[in-house]
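Structure, as structure tokens:
The values are calculated or read from the model by the stated rules, or taken from the named source; none is laboratory data. Everything quoted here is computed from the prediction, not taken from an experiment. When we count neighbours, we look across all protein chains shown, and the Cβ atoms used for this are built from the backbone with ideal geometry, even at glycine. Accessible surface areas use protein heavy atoms only, side chains included; no ligands, DNA or RNA. Shrake-Rupley method; radii C 1.70, N 1.55, O 1.52, S 1.80 Å.
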Amino acid sequence: MTIKVIGAGFGRTGTLSMKGALELLGLGPCYHMMEVLNRPENSDAWFDAAQGEPLGAGADWDEILRGYQSSVDWPACHFWRPLSEYYPDAKVILTVRDEEAWWSSISSTIFRSFQTQDDVKDKDRLRMRRMSRDLIVDKVFGGNLTDREHALAVYRRNIEAVKAGLPKERLLVFDVAEGWEPLCAFLELPVPDDPFPSTNTTKQFQERMAARNAGKPLPPLNP
């Protein structure tokens with residue numbers, strides 16, 4: 001099994017819905033930040049990969065992504081360039097959304113989770129927190145999660161870098177609101193009968209974050 005699709009879009013651009021869509025298309029399992037919870041040992045591998053120069057130097061991608069056929073969301077999207085070089089036959093999908101909607105979503109979900117102080121003692125969660133803070137807070141956003149214009153500038157730069165860094169035939173710029181047709185055309189796969197997944201809304205993210213911080217079972221996500 002090897003990586004066939006690489007997601008290059010930031011979190012809160014419909015990446016969990018994208019994960020569900022790729023898995024429905026037979027391109028799963030799909031690696032997403034939620035998968036780090038299932039394989040916490042990967043937190044250290046992603047952290048180490050982010051220290052490499054150039055980015056990802058020395059990373060054992062086949063081991064980190066063992067058992068997966070696709071990836072979306074952080075941490076993997078931060079490494080779209082080395083991953084696209086390592087897996088030259090993989091197609092790349094850049095998930096995007098209206099930038100004001102993206103800012104509203106990420107500022108009240110992922111960014112808020114980093115600003116919330118909770119007493120975490122679980123070693124696996126601490127490993128994941130170290131990795132995600134280093135990669136997302138420091139390396140992607142330069143430690144600044146409160147400046148809207150700064151965050152939007154980072155968001156735009158990633159979009160332009162991906163567009164400039166890949167041949168057009170290898171890249172799909174995709175808003176999950178577009179549904180199956182452009183995605184399936186790009187991947188040369190038939191359109192499923194199932195509706196396109198829609199999950200992990202801002203409200204769902206906040207509910208799950210509150211449950212996790214309280215040590216309670218996580219509420220399920222809608223399909």
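Listing for the model above:
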| read-out | value |
| --- | --- |
| Residue count, region 1-24 (criterion: crowded, with 24+ Cβ neighbours inside 10 Å, among the charged types (D, E, K, R) and part of a helix (DSSP H, G or I)) | 1 |
| Members of region 25-34 found to be assigned to a helix (DSSP H, G or I) and either β-branched (V, I, T) or buried (at least 19 other Cβ atoms within 10 Å of the Cβ) (or both), listed by number | M33 |
| Test: residue in region 115-122 that is at pLDDT 95 or above and among the basic types (K, R) | no |
| Every pair of residues 6+ apart whose Cβ atoms lie under 7 Å, when the first sits in region 1-13 and is farther than 15 Å from V176 by Cα and touching a residue at least 60 places away in the same chain (Cβ under 8 Å) while the second is of a type in the set (G, A, S) and in a strand (DSSP E or B) | I3/S70; I3/S71; K4/S70; V5/S70; I6/S71 |
| Hey, V191 more than 21 Å from I110 (Cβ to Cβ), at pLDDT 95 or above, touching a strand residue (DSSP E or B) at 6+ places or on another chain (Cβ under 6 Å) and open to solvent by 40 Å² or more (accessible area, probe 1.4 Å) or not | no |
| Evaluation of S132 against (1) of a type outside the set (K, R); (2) more than 15 Å from V5 (Cα to Cα); (3) touching a Cys at 6+ places or on another chain (Cβ under 9 Å) (one fails), failing number | (3) |
| Residue match in region 36-50 (condition: in a loop (DSSP other than H, G, I, E, B), open to solvent by 20 Å² or more (accessible area, probe 1.4 Å) and at pLDDT 95 or above) | no |
